[in-house]
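For reference, the structure is listed below as structure tokens.
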Amino acid sequence: MAETHVLFVEDDDVIREATQLALERDGFRVTAMPDGLSGLEAFRTNQPDIALLDVMLPGLDGVSLCRRIRDQSTVPVIMLSARADSIDVVLGLEAGADDYVTKPFDGAVLVARIRAVLRRFGHAGGAGTDRGAEPDERGVLAFGDIEVDTEGMEVHKGGAPVALTPTEMRLLLEFSSAPGTVLSRDKLLERVWDYGWGGDTRVVDVHVQRLRTKIGQDRIETVRGFGYKLKA
């Protein structure tokens, strides 16, 4: 099996070198870059399997780098932030990141997050489709003008294709497997983000908002104090 190729962009020399060594010990192949512009060039040249981006980078900050990556790829992105600051976290997630880790981080925690992201990207169809609503003979779930192809992993709205990241697809599959059923943020973290432990529910909130902008703001309803549900 080929090594997982990680692009790691971090301007702190000590953190960059120590983290690279730790990831390589765990079997990852790592391309490490010290700034956003070199990180973008490395992404275009190497086409990594996953990108780890520090928020605060010289030249091109991590949030802008994430946007550039997301413009051309659905490769998983994890943001690294020195603070659990709401602005840092939300900006990174809104730019298209799939998850974030707060520095200083334990190497084992970072590896666990990387593997969790890679698992769900490798098995996007594993979310949700064995419960609730059943697809038709084509493997399609339909909700008004929204069609979710559970086999081809494609979404159409009014006949036009909708570009979703694998995380957004898994989130939609969870909702579409049980239309009208309220799903809590903790349950979505467990099923979509593969968290076997408590996680930051802001990750869910931002991804729900991103999904709404693509399939329609009125399709996913907020149930205050409980979570979200797809309108049946």
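A short reminder: the numbers here are calculations on the coordinates, not readings from a lab. These figures come from a predicted structure and were not determined experimentally. Note that we place each Cβ from the backbone using ideal geometry, even for glycine, and neighbour counts take in every protein chain shown.
Computed on the Cα atoms alone, the convex hull of the chain gives a volume of 127 cubic angstrom per residue. The distance linking region 29-47 with region 89-117 is 18 Å (Cα centroid to Cα centroid, whole angstrom). Note on region 177-232: Cα-only Rg and Dmax are 10.9, 31 Å. Full extension of the chain segment joining residue 212 with residue 181 gains 9.5 nm, where the gain is 0.36 nm per residue of separation less the Cα-Cα distance. A Förster distance of 22 Å, applied to the separation of the beta-carbon atoms of residue 202 and residue 108, puts the FRET efficiency at 0.40. The GNM of the chain, with springs linking C-alpha atoms under 10 angstrom apart, assigns the highest mean-square fluctuation among 109, 75, 162 to 109.
Against the chain, whose longest principal axis comes from its Cα atoms, helix 13-25 is set at around 60 degrees. Give the angle, between 0 and 90 degrees and rounded to the nearest 10, that separates the Cα long axis of helix 107-122 from the longest principal axis of the Cα atoms of the chain. In the chain, helix 107-122 runs at an angle near 40 degrees to the longest axis.
Note on the chain: with a GNM built from Cα contacts shorter than 10 Å, the maximum mean-square fluctuation among 21, 164, 188 falls on 21. Give me the net charge for the shell around residue 44: Cβ to Cβ below 14 angstrom, other residues only, Lys and Arg +1, Asp and Glu -1. Counting the neighbours of residue 44, the net charge comes to 0.
Taking each DSSP H run with n ≥ 4 as -39500 (n - 2.57) and averaging over every residue of the chain yields -12500 deg cm²/dmol at 222 nm.
In percent, what relative contact order does the chain have, based on Cα pairs under 8 Å that are 6 or more apart in sequence?
Taking the mean separation of contacting Cα pairs over the length of the chain, I get 13 percent.
By per-residue mean of other Cβ atoms within 10 Å, what is the highest-first order of 3-12, 138-147?
Working: 3-12: 19.9, 138-147: 16.0.
So the order, starting with the most tightly packed, is 3-12, 138-147.
Summing charges over neighbours of residue 229, with a neighbour being any other residue whose Cβ is under 13 Å away from its Cβ, gives +3 when K and R count +1 and D and E count -1.
The residues packed around residue 73, meaning those with a beta-carbon under 15 Å from its beta-carbon, carry a net charge of -1 if Lys and Arg are +1 and Asp and Glu are -1.
Just subtract the alpha-carbon distance of residue 45 and residue 72 from 0.36 nm times their residue separation and send over the number in nm, one decimal. Display every interim value, and only then the final one.
Numbers: separation 27, 0.36 × 27 = 9.72 nm, distance 1.28 nm.
Fully extending the segment from residue 45 to residue 72 adds 8.4 nm.
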